[in-house]
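Inspection log for the structure reproduced underneath, given as structure tokens.
Quick note: the coordinates plus some simple rules give every number you see, no bench work behind them. Note that the structure is predicted; figures quoted are calculated from it, not measured. No Cβ is skipped: glycine too gets one built from the backbone with ideal geometry, and neighbour counts run over all protein chains shown.
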């Protein structure tokens with residue numbers, strides 16, 4: 001009886017000690033992610049670290065920043081000090097705090113805009129590739145007309161008409177940037193829609209949304225992910241340019257483009273303060289491009 005009881009307890013302890021299936025899967029995913037990071041080149045590791053730092057700053061901005069986003073804490077244009085690590089702006093707001101909050105505002109708006117542009121351009125690109133005929137012709141000619149106008153000039157025109165709210169800026173830039181996404185999605189999808197498995201799905205009676213989601217989209221995901229990184233950089237730079245020109249994120253919202261404009265006069269007295277938000281913009285663009293280059297190289301199947 002005692003031996004049976006001991007065996008039961010041992011089996012129970014072994015069962016409790018053994019990790020569950022979900023735990024093993026989680027560990028496997030974490031292990032694969034770490035091995036992928038370890039095998040990545042130095043440039044890609046640098047890019048991933050930069051992106052991680054920006055994400056942390058954007059999420060935990062209120063806890064990291066020593067002062068509030070629009071809080072006036074001193075006199076205008078105070079020099080760098082232990083109290084104000086990057087000095088103050090023209091109103092006496094702490095620039096280090098505004099730089100951190102700018103990561104949340106600028107990067108967050110750029111990410112939302114890029115997601116909307118991919119949802120719109122990617123969906124229409126898939127539809128044009130699989131439907132063909134007059135639908136493809138109408139969508140393609142409309143995209144050609146929009147792409148004929150420079151994005152920044154068109155955005156300035158539309159924002160001057162509809163206003164400079166965040167909603168208007170996101171919608172305008174998402175529509176304008178979706179034209180590039182449409183062209184890429186349509187181009188890479190056209191080589192997939194002629195495959196036998198797509199035709200078999202048609203013959204089975206599968207609906208168009210199912211074919212787009214299950215047969216075409218998984219096979220074009222690699223170039224779309226790479227394009228997402230590049231388009232994010234372009235949208236991010238466009239938002240910063242609009243803010244520098246006064247039509248982007250409006251005060252008192254912290255934005256890197258407007259921070260460069262507000263403090264540009266300090267360059268004339270030998271202070272490098274305006275270069276800090278400009279450097280933050282450039283560093284993120286470089287980091288994202290490093291990761292995109294590595295991802296393209298990895299998915300291409302090249303060994304060197």
Taking the chain and counting helices only, DSSP H stretches of n ≥ 4 at -39,500 (n - 2.57) each over all residues, the nearest-500 ellipticity at 222 nm comes to -22500 deg cm²/dmol
If we sort 146-157, 258-269 on the protection proxy, mean other Cβ atoms within 10 Å, highest first, what's the order? 258-269, 146-157
Using a Förster distance of 35 angstrom, determine the FRET efficiency expected from the C-beta separation of residue 132 and residue 275, and round it to 0.05. 0.10
Between residue 144 and residue 219, with labels modelled 7 Å along Cα→Cβ, what's the label distance in nm to one decimal, could you check? 2.7
Base-10 log of normalised Debye intensity for the stretch 150-205 (one unit scatterer per alpha-carbon) at q = 0.17, 0.21 Å⁻¹: -0.63, -0.76
Once each part is reduced to its C-alpha centroid, what is the distance from the stretch 124-193 to the stretch 81-112 in angstrom? 33
In 10 Å bins starting at 0, how do the alpha-carbon pair distances of the stretch 183-304 split up by percent? 11, 27, 22, 18, 13, 6, 2, 0
Dividing the mean separation of Cα pairs under 8 Å (6+ apart) by the residue count of the stretch 224-304 yields a relative contact order in percent of 29
Which of the peptides 222-232, 174-184 is most tightly packed, and how do the rest follow, going by the mean number of other Cβ atoms within 10 Å of each residue? 174-184, 222-232
Relative contact order, percent, the stretch 137-227 [alpha-carbon distance under 8 Å, six or more residues apart]: 25
Residue 115 to residue 46: FRET efficiency via 1/(1 + (r/R0)^6), r the Cβ-Cβ distance, R0 25 Å, to the nearest 0.05? 0.50
Spacing of the two label points (7 Å from each Cα toward its C-beta) at residue 81 and residue 286, in nm: 3.2
By how many nm would the segment from residue 268 to residue 202 lengthen if fully extended, with 0.36 nm per residue of separation less the alpha-carbon distance? 17.1 nm
Can you tell me, using C-alpha contacts under 8 Å and at least 6 residues apart, the relative contact order of the chain as a whole percent? 22
Using the Cα gyration tensor of the chain, with a ≥ b ≥ c the square roots of its eigenvalues, what is the shape: rounded (a/c below 1.5), prolate (a/b larger than b/c) or oblate (neither)? oblate
Rounded to the nearest angstrom and ordered from largest down, what semi-axes does the equivalent ellipsoid of the stretch 51-176 get from its C-alpha gyration tensor (root of 5λ)? 42, 17, 10
